[in-house]
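First the structure, in the form of structure tokens, and then the observations on it.
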Amino acid sequence: MKILELFAGVGGFRVGLEHANSNLYKTCWSNQWEPGKKSQDAFEVYNYHYPDSENINKNIAEISDKKFKSMDADIIVGGFPCQDYSVARSKKHEMGIEGKKGVLFWEIIRAVQNIKPKYLILENVDRLLKSPSSQRGRDFAIMLAAFNELDYSVEWRVINAAEYGFRQRRRRVYFFVYRNDTPFAKQSDEMFEIDVESKDSYDDYIFSKGLFARQFPIIKSPNKNRKAYYELSDDIVNISDNFSGVVWNTGIMRHGRYFTIDTKPTGDEEPIPLKNTLQSENEVPESFYITDENKLKKFEYLRGAKKIERTSIDGHKYTYSEGSMSAFEDLELPSRTMLTSEGTINRSTHFIKQNNKYRLITPIEAERLQDFDDNWTKVKKLSDGTNAQVSDRMRMFFMGNALVTGVIKRIGLELEKII
């Protein structure tokens, strides 16, 4: 199966799919571009590991339709930029599908229009399902309608990696998109004897028979009886202006209708505690240990409860409140979610206390939390063909932007059965 990897980063989708079956999944093209930066570090790391594919380092909007048409990809994959949906942005500044990076979804649609792949596997932050806050679910409904217009179906699931035996509590929404003329699509309608009048047509699919249900089992009843059914308008502008609905964490869209259910995992898989990810003390460079009292006090302040008086742009005074969090990481639990700010001293930075010493996590530990091989991001290939070391700060940034490759591996294993 020939693959095009968009928004490739340092290759998370490729790593996961090749771990599933390197003979079946062959990434032939990739695109990675970090706007506004002279140094294209992520692309250079990808290019170092994968010189055998055509790796394109330019703004995706500059890839011509003709170029896309020349790619006979069976599968398009990508974790399209999520800054305009992320909780890292305040609701006041969220832009959703209208934001500078949110609009890149339409470049995926353009690629699909030209390539017509059989399948897509996509990933984003789970807040996407509730974007924008002023009209919750609208952006996702627009995405579903865009795929429906191109005669594709979409299955989705919010997966917390730790709930399925991985190292990190990382919640992301994954899409499995398939063309409606594929055998799997035709089989689905026959298998479930779809009744267009029934709002429960896809319950069995969602709970048991869909790709995500088979690989990431869930309790076979709606959480708090939350389920919904919607008919999507054929007019995307109408959806943008008038959508009023809900999108739960699991669902399926076929033939312009979507069925969505709030689901919970079965809880049968034990996560990996943080202590099993950490390097041994003698492997951790001294630079990651924190002995400066001022820095220790700063962490204590950042992670503690606080009330701060602030003034808004229009001069209104208000009190910003923040609850306390654990003084340092609980080594018996899976890791908290990594962010791109991991390499700096801030509230979300992983802060380790071990043998009465305090330290930050290392790049290798960050790679392990995302299921990459140790030192995956250590070396990059420059444009002149020479290799260079990547800074620790940039390596942390990569991993904050990455995905848990083990989740992609399991999607790939199930897709292999479908194929």
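The values are calculated or read from the model by the stated rules, or taken from the named source; none is laboratory data. Since we're looking at a predicted model, the values are computed, not measured. Here Cβ is always computed from backbone atoms with ideal geometry, including for glycine, and neighbour counts include all displayed protein chains.
Just a few scattered comments:
- Enumeration of residues in region 373-402 that are part of a loop (DSSP other than H, G, I, E, B) and over 13 Å from A42 (Cβ atoms): D373, D374, N375, K378, L382, S383, D384, G385, T386
- Given (1) over 18 Å from L415 (Cα atoms); (2) under 18 Å from the mean Cα position of the chain (by Cα), index of the condition G16 fails: (1)
- Here region 392-415 is the region considered, the condition is being surrounded by fewer than 23 Cβ atoms within 10 Å (Cβ to Cβ) and touching a Leu at 6+ places or on another chain (Cβ under 6 Å), and the residue that is nearest to D374 (Cα to Cα) is G400.
- Positions within region 349-370 being assigned to a strand (DSSP E or B) and among the aliphatic types (A, V, I, L, M), in sequence order: I352, L360
- If the condition is being out of contact with any helix residue (DSSP H, G or I) (no Cβ under 8 Å at 6 or more places or on another chain) and at pLDDT 95 or above, then region 329-348 contributes R336, T337.
- Condition met for S321 (of a type in the set (G, A, S), more than 15 Å from N401 (Cα to Cα), surrounded by 10 or more Cβ atoms within 10 Å (Cβ to Cβ) and outside the structural domain of V10 (by TED's automatic domain parsing)): no
- Verdict on V284 being β-branched (V, I, T) and either in the same structural domain as F140 (by TED's automatic domain parsing) or surrounded by fewer than 18 Cβ atoms within 10 Å (Cβ to Cβ) (or both): no
Residue-wise test of (1) crowded, with 20+ Cβ neighbours inside 10 Å; (2) in contact with a Ser or Thr (Cβ under 6 Å, 6 or more places away or on another chain); (3) among the hydroxyl-bearing types (S, T, Y); (4) closer than 26 Å to S64 by Cβ.
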residue	(1), (2), (3), (4)
W106	no, no, no, yes
F140	yes, no, no, no
F147	yes, no, no, yes
S153	yes, no, yes, no
F166	yes, no, no, no
R170	yes, yes, no, no
F176	yes, no, no, no
F212	yes, no, no, no
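- Test for F147: is it modelled with pLDDT of 95 or more, within 14 Å of the chain's Cα centre (by Cα) and not in a loop (DSSP other than H, G, I, E, B): no
- T340 being free of Cβ contacts under 8 Å to residues at least 60 places away in the same chain and either of a type in the set (D, E, K, R) or more than 15 Å from R167 (Cα to Cα) (or both): no
- Matching residues, region 136-158, being closer than 22 Å to P117 by Cβ and of a type in the set (A, V, I, L, M): I142, M143, L144, A145, A146, L150, V154
- When region 234-266 is filtered for residues that are farther than 21 Å from E155 by Cβ and either crowded, with 17+ Cβ neighbours inside 10 Å or not assigned by TED's automatic domain parsing to the domain that holds Q187 (or both), only S240 remains.
- All positions within region 103-132 that are assigned to a helix (DSSP H, G or I), modelled with pLDDT under 95 and under 16 Å from the mean Cα position of the chain (by Cα): L104, F105, D126, R127, L128, L129, K130
- Long-range neighbours under 9 Å by Cβ, at least six apart or interchain, first residue assigned by TED's automatic domain parsing to the domain that holds V247 and closer than 17 Å to L120 by Cα within region 133-150, second crowded, with 20+ Cβ neighbours inside 10 Å and of a type in the set (K, R): N148/R254
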